[in-house]
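*Asks:* To start, I am sharing the structure in question, which I have written as structure tokens.
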Amino acid sequence: MRSYFFGWAIFKISVKQHVTLEITHTNYQTIYLNTNLLTEKLNVIYLAPAEKMLDEIVITKQPPKDVLAEVIENSINSLTNPISLKIYVLEFYKKNDVYSSFNDGILNFHISGKGTKPKSDIIVEQNRFYGLVEPDIWGNTVGYNLNNLIENYYGFSYLDKIAQNRADKKYDYLIKTYSAHKEYYVMYVTVKDEVEEALPNFEIIYDYTKKLIIDITSSIQPDKLQFAKVDNFNITKGIVLYSDFKATYKLNGKLYHLASSKEEVGVKQTTKKDAPDKIEVKNYFVINDVNTESFNYNKKNVFSGKSLINLNTSFFYNYWDFNSGLTPTVEEEEI
């Protein structure tokens with residue numbers, strides 16, 4: 001086992017024989033390293049910045065919204081399917097600015113069915129849940145629906161509203177070159193100033209030659225949050241404080257699949273009996289193994305819940321130290 005530090009991230013890797021590592025990042029040049037050259041317990045690896053060029057506006061024959069719709073459709077149809085993804089899942093919860101609980105686990109997502117409504121069966125290998133404060137604070141915590149998340153990522157559901165026929169009535173679209181990678185374009189989709197809705201802005205990086213989405217980032221801007229309404233998380237009445245989302249996809253030969261995701265939401269809820277509560281949830285997905293050959297699992301073991309919150313803790317080694325693939329923030333590391 002060796003730890004490697006490069007740029008802003010620390011990762012650990014365990015291999016039984018010498019292999020060549022490919023290290024890639026959208027803003028840096030790809031490098032290849034043989035593991036027999038990495039002899040220290042902590043190896044520092046420096047990545048050279050990608051060639052800096054001014055990003056230029058791209059003029060297309062099609063309206064940018066139609067380009068986006070075509071890229072979304074091709075990305076959905078190109079995702080490797082069926083596929084089994086071994087995912088490290090982590091969720092943190094806050095109530096009134098206090099971390100109240102968290103859960104994590106190693107889960108196998110068996111994904112099948114192409115199109116905008118893929119199907120996923122979840123097998124939980126290991127998991128843990130910890131309440132960090134008194135139970136009355138975290139007892140009513142509601143997390144993200146894990147099945148819904150993976151279906152959204154594989155159906156690109158978050159992009160539906162900005163690819164619809166009349167979406168350009170509410171959004172502006174701009175395509176630019178992406179100097180970090182010559183094969184990529186970046187599309188900026190921003191809510192028009194006059195629109196009084198809590199709609200998110202998007203930044204979408206895609207391979208314009210293969211018409212495949214590589215990275216999606218979205219967030220609701222502060223000036224639009226005043227129009228937000230809460231319609232999930234079992235909230236009777238409330239307002240959205242923030243909502244951010246990011247997903248990255250990996251293209252590796254014939255394989256095209258989700259690589260990681262992060263979702264954050266903050267709401268202030270008001271129930272009929274209680275004073276307003278500030279509720280925050282942060283969810284991570286990190287894919288640490290991909291399998292396209294073996295899908296043998298007992299249907300009786302398929303996880304039927306929505307979140308790991310109510311599942312009893314069960315683990316047989318410290319998987320978070322070896323299989324997470326995630327570098328926590330300083331605050332998360334303290335927890």
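The values are calculated or read from the model by the stated rules, or taken from the named source; none is laboratory data. Note that the structure is predicted; figures quoted are calculated from it, not measured. All Cβ positions, even for glycine, are placed from backbone atoms using ideal geometry, and neighbour counts span all protein chains on display. To get the accessible areas, we keep the full protein, side chains included, count just its heavy atoms, and leave off ligands, DNA and RNA. Shrake-Rupley method; radii C 1.70, N 1.55, O 1.52, S 1.80 Å.
*Asks:* Any residue that is within 22 Å of Gly131 (Cα to Cα), open to solvent by 50 Å² or more (accessible area, probe 1.4 Å), in contact with a Phe, Trp or Tyr (Cβ under 9 Å, 6 or more places away or on another chain) and touching a residue at least 60 places away in the same chain (Cβ under 8 Å) - is there at least one of those in segment 295-309?
*Replies:* Yes: segment 295-309 contains one or more residues that are within 22 Å of Gly131 (Cα to Cα), open to solvent by 50 Å² or more (accessible area, probe 1.4 Å), in contact with a Phe, Trp or Tyr (Cβ under 9 Å, 6 or more places away or on another chain) and touching a residue at least 60 places away in the same chain (Cβ under 8 Å).
*Asks:* Then there is this: Take the residues of segment 110-153 that are closer than 18 Å to Phe245 by Cβ, open to solvent by less than 30 Å² (accessible area, probe 1.4 Å) and not in a helix (DSSP H, G or I): which is modelled with the lowest pLDDT?
*Replies:* It comes out as Gly143.
*Asks:* Taking interchain pairs and intrachain pairs at least six residues apart, which have beta carbon atoms under 7 angstrom, with the first residue in segment 46-64 and within 14 Å of Glu183 (Cα to Cα) and the second at pLDDT below 80?
*Replies:* Ala50/Asn27; Ala50/Tyr28; Ala50/Gln29
*Asks:* Condition (residue is in contact with a Ser or Thr (Cβ under 7 Å, 6 or more places away or on another chain), part of a loop (DSSP other than H, G, I, E, B) and of a type in the set (Val, Ile, Thr)) applied to segment 77-99: is it met by at least one residue?
*Replies:* The answer is yes; a qualifying residue exists.
*Asks:* If a residue has to be aromatic (Phe, Trp, Tyr) and loosely packed, with under 12 Cβ neighbours inside 10 Å to count, how many in segment 172-198 make the cut?
*Replies:* The qualifying residues number 0.
*Asks:* I'd like the residue in segment 220-229 that is part of a loop (DSSP other than H, G, I, E, B) and either open to solvent by less than 30 Å² (accessible area, probe 1.4 Å) or more than 10 Å from Val267 (Cα to Cα) (or both) and, out of all such residues, is modelled with the highest pLDDT.
*Replies:* Taking the candidates together, the pick is Gln221.
*Asks:* Just for segment 241-251: of the residues that are open to solvent by 20 Å² or more (accessible area, probe 1.4 Å) and of a type in the set (A, V, I, L, M, F, W, C), which one is modelled with the lowest pLDDT?
*Replies:* Within segment 241-251, the match that is modelled with the lowest pLDDT is Leu241.
*Asks:* What are the pairs with Cβ atoms under 7 angstrom where one residue, in segment 252-269, is open to solvent by 40 Å² or more (accessible area, probe 1.4 Å) and the other, located anywhere, is small (Gly, Ala, Ser)? Sequence gap at least six, or different chains.
*Replies:* That search, which allows pairs on different chains as well, returns Lys268/Gly238.
*Asks:* I'd like to check something: does segment 52-66 contain any residue that is open to solvent by less than 50 Å² (accessible area, probe 1.4 Å) and at pLDDT 90 or above?
*Replies:* yes
*Asks:* Determine which single condition Glu197 fails, assuming it passes every other condition in (1) closer than 18 Å to Ala69 by Cα; (2) free of Cβ contacts under 8 Å to residues at least 60 places away in the same chain; (3) not in a strand (DSSP E or B).
*Replies:* Unmet for Glu197, out of (1) closer than 18 Å to Ala69 by Cα; (2) free of Cβ contacts under 8 Å to residues at least 60 places away in the same chain; (3) not in a strand (DSSP E or B): (1).
*Asks:* Scan segment 85-121 for residues that are within 20 Å of Glu293 (Cα to Cα), in contact (Cβ under 8 Å) with a residue 60 or more places away in the chain and under 17 Å from the mean Cα position of the chain (by Cα) and jot them down.
*Replies:* Leu85, Lys86, Ile87, Ile106, Leu107, Asn108 - these are the residues of segment 85-121 that are within 20 Å of Glu293 (Cα to Cα), in contact (Cβ under 8 Å) with a residue 60 or more places away in the chain and under 17 Å from the mean Cα position of the chain (by Cα).
*Asks:* Something else about it: Filter segment 321-335 down to residues that are of a type in the set (A, V, I, L, M, F, W, C) and either touching a Phe, Trp or Tyr at 6+ places or on another chain (Cβ under 8 Å) or part of a loop (DSSP other than H, G, I, E, B) (or both) and give me whichever is least open to solvent (accessible area, probe 1.4 Å).
*Replies:* Among residues in segment 321-335 that are of a type in the set (A, V, I, L, M, F, W, C) and either touching a Phe, Trp or Tyr at 6+ places or on another chain (Cβ under 8 Å) or part of a loop (DSSP other than H, G, I, E, B) (or both), the one least open to solvent (accessible area, probe 1.4 Å) is Leu326.
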